[in-house]
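Worksheet: one structure, shown below.
The values are calculated or read from the model by the stated rules, or taken from the named source; none is laboratory data. Everything numeric in this text was worked out from a predicted model, so none of it was measured. Glycine also receives a Cβ, built like all others from the backbone with ideal geometry; neighbour counts cover every protein chain displayed.
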Amino acid sequence: MSAQATRSNMPVVLLKDGASETKGREAQKNNIAASKIIAEIVQSSLGPRGMDKMLVDSLGDVTITNDGATILKEIDVQHPAAKMLVEISKTTDNEVGDGTTSVVVLAGALLEQAESLINQDVHPTIIVDGYRKAAKKAKQFLQDFSDVVNPNDKSILQKIAKTSMQTKLVRKESSYLAELVVKAVTAVAEKDGDNFVVDEDDIKVEKKPGGSIKDSKIIQGIVLDKEIVHGGMPKEINDAKIALINSALEITKTETDAKINITNPQQMKSFLDEENRMLKNMVDKVIASGATVVLCQKGLDDMVQHYFAKAGILAVRRVKESDLTKLAKATGARIVSNLDDLFEKDLGSAQIVEERKIEEDKWVFIEGCKHPKSVTLLLRAGSQRVVDEVERSVHDAIMVVRDVMQVPSIVAGGGAPETYTSTKIRSWAKTLEGREQLAAEKFADALEIIPLTLSENAGMDPIDTLASLRSRQIKGEKWTGIDVMKGRVVNMKSSDIIEPLSVKNQIISAAAEAACMILRIDDVIATAKSAGPPPGAEGGMPPGMGGGMPPGMGGGMPDMGGMM
């Protein structure tokens, strides 16, 4: 493989031994095949009737989910082209939070459609150009299709959150959870001119198995999964004045090695007394500021704990830095590094700070902050697996509510926007000249994979469903989509199935970009690992280095071991 011959039949060794190269049509076929397999893995989990996947990692940890990004992250894909699809689902998750399955399914469909054109000798670059134009056009059509809403309208936001949870394990409790999510997002949203800015990191999500999903609640403040440091401290404080400290309340050791020569017991005593006095001094500064609760990012000396307990101050140590930042937002406190800097104006306030027992752990609740710009969702469910999946669903819901508050446009769900855009692109494609027209038509075909998959997962007849969907949309009912739960084609407005426009835009952009990138590859060169011969071996290659390629790269299909 590594010896290439020139015209004069001189062998030229370009690549290292064990390196390999797949060229041209072969490379494209291999990449497209791998991408289609990835799309097939997540395809059956699309929509409200989609199934879940059980993923078991090398340590035997189990994850049960139907969240596209989570599935692909957990299965540790080896094939380089397939990795790109994993990446787009990750970025979609970070960007808009929902649509992580759709984006992979659509990218797979775009590649599948392109494959039939490549087989008819259409050059990949032409397909790529056609796809790019079609994707741009698709976003314009989606804009026409969408409705602008008021970002303050709680009922719309709840429908959006509910739609995102319809496809998840938490369907039955989606109304209850949607309400919590909307409360949380509207609490942390900040107005910026006419628009809102939401930082989803301001919503802390804590989860604990035990109880049922209905026991989940929103806390206008922060929950710390830590307990109070000293048994003698009060377990609850009302109208708390909170000091946030990010330095250690203990005597730090010197940077350099220092020796203290002590010759008599008196010196030892004065040395210890001085240490005590310094610690007492720290505590006095805190007490002088009027603080009744101390939350410290680092350690608290035993002596400091004793003095705090004596003064009736509640203290928690080793609070995460991210939690301190959230606490500063929620309580209005300032994080202090130097105790000389701690004054009454730096303290935050909360109605109640209390240690409560949750299952077998003790957690500290800081509740009743006046205008919390940071809140906590405490999620409960019957078992660890379920509560993990509830957390993933709630993350998606928080993100879609955030999307609508930031870009207040919505579209119907249930495959309606994809069908509408597909029909529009088909008629627009006729205005293109040359072979790009074919690529644009294939783009329209690929978009229909979403309604097709939705209906297939629901056990409906995909072809009949799509035909009836198209005909009703052409008659002017553009918001007609598939109500998967009822198994019928209906108007999505009456079914309250709506999604943010920004999610659909992201899906189309990301899928088109990934498909175009994979289509442009015509050569895959895999270099061998550059390990020297193992000790004791007579030259040659290390054992197991036969092809020198990562698994699944040797033409044909990727290695599916560990995926199933």
Within region 319-328, is there a residue that is surrounded by fewer than 18 Cβ atoms within 10 Å (Cβ to Cβ) and assigned to a strand (DSSP E or B)? no
Restricting to region 479-489, name every residue that is within 13 Å of Pro451 (Cα to Cα) and without any contact (Cβ under 8 Å) to a residue 24 or more places away in the chain. Arg488
How many residues are surrounded by fewer than 19 Cβ atoms within 10 Å (Cβ to Cβ) and on the phi > 0 side of the Ramachandran plot when one looks only at region 90-112? 0
Test: Gln351 is touching a residue at least 12 places away in the same chain (Cβ under 8 Å), closer than 26 Å to Gly232 by Cα, surrounded by 17 or more Cβ atoms within 10 Å (Cβ to Cβ) and not assigned by TED's automatic domain parsing to the domain that holds Met54: no
Do you know which residues across region 177-202 are crowded, with 18+ Cβ neighbours inside 10 Å, farther than 18 Å from Met165 by Cα and within 18 Å of the chain's Cα centre (by Cα)? Val198, Asp202
Within region 286-301, can one find any residue that is in contact with a His (Cβ under 9 Å, 6 or more places away or on another chain) and under 30 Å from Gln220 (Cα atoms)? yes
Can you pull out the residues in region 472-485 that are surrounded by fewer than 22 Cβ atoms within 10 Å (Cβ to Cβ) and at pLDDT 85 or above? Arg472, Gln473, Ile474, Lys475, Asp483
Odd one out for Asn457 among (1) more than 19 Å from Ala107 (Cα to Cα); (2) modelled with pLDDT under 90: (1)
All positions within region 291-316 that are out of contact with any Gly (no Cβ under 6 Å at 6 or more places or on another chain) and either in a loop (DSSP other than H, G, I, E, B) or small (Gly, Ala, Ser) (or both): Ala291, Thr292, Gln297, Lys298, Gly299, Asp301, Ala311, Gly312, Ile313, Ala315
Flag for Val489 being buried (at least 24 other Cβ atoms within 10 Å of the Cβ) and more than 29 Å from the chain's Cα centre (by Cα): yes
Any hit, region 332-345, residues being in contact with a strand residue (DSSP E or B) (Cβ under 8 Å, 6 or more places away or on another chain), under 14 Å from Ser374 (Cα atoms) and assigned by TED's automatic domain parsing to the domain that holds Asp302: yes
Tally of residues being touching an Asp or Glu at 6+ places or on another chain (Cβ under 8 Å) and surrounded by 15 or more Cβ atoms within 10 Å (Cβ to Cβ) across region 269-291: 3
Taking region 236-259, which residues are over 20 Å from Arg277 (Cβ atoms) and out of contact with any helix residue (DSSP H, G or I) (no Cβ under 9 Å at 6 or more places or on another chain)? Glu236, Ile237, Asn238, Asp239, Glu255, Thr256, Asp257, Lys259
Which numbered condition Lys357 misses (of (1) of a type in the set (Lys, Arg); (2) in a strand (DSSP E or B); (3) on the phi > 0 side of the Ramachandran plot): (3)
Matching residues, region 213-242, being within 24 Å of the chain's Cα centre (by Cα), surrounded by fewer than 16 Cβ atoms within 10 Å (Cβ to Cβ) and part of a loop (DSSP other than H, G, I, E, B): Asp225
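A quick yes/no check of all residues on (1) of a type in the set (Phe, Trp, Tyr); (2) in the same structural domain as Ala512 (by TED's automatic domain parsing); (3) without any contact (Cβ under 8 Å) to a residue 60 or more places away in the chain:
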residue: Asp121; (1), (2), (3): no, yes, yes
residue: Thr125; (1), (2), (3): no, yes, no
residue: Val128; (1), (2), (3): no, yes, no
residue: Arg132; (1), (2), (3): no, yes, no
residue: Lys136; (1), (2), (3): no, yes, yes
residue: Lys139; (1), (2), (3): no, yes, no
residue: Leu142; (1), (2), (3): no, yes, no
residue: Ile156; (1), (2), (3): no, no, no
residue: Lys159; (1), (2), (3): no, no, no
Would you confirm whether any residue within region 406-425 is at pLDDT 85 or above, charged (D, E, K, R) and assigned by TED's automatic domain parsing to the domain that holds Leu46? yes
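Table: residues versus (1) closer than 25 Å to Leu378 by Cβ; (2) of a type in the set (Asp, Glu).
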residue: Val229; (1), (2): yes, no
residue: Met233; (1), (2): yes, no
residue: Asp239; (1), (2): yes, yes
residue: Ile251; (1), (2): no, no
residue: Pro265; (1), (2): no, no
residue: Met268; (1), (2): no, no
residue: Phe271; (1), (2): no, no
residue: Glu275; (1), (2): no, yes
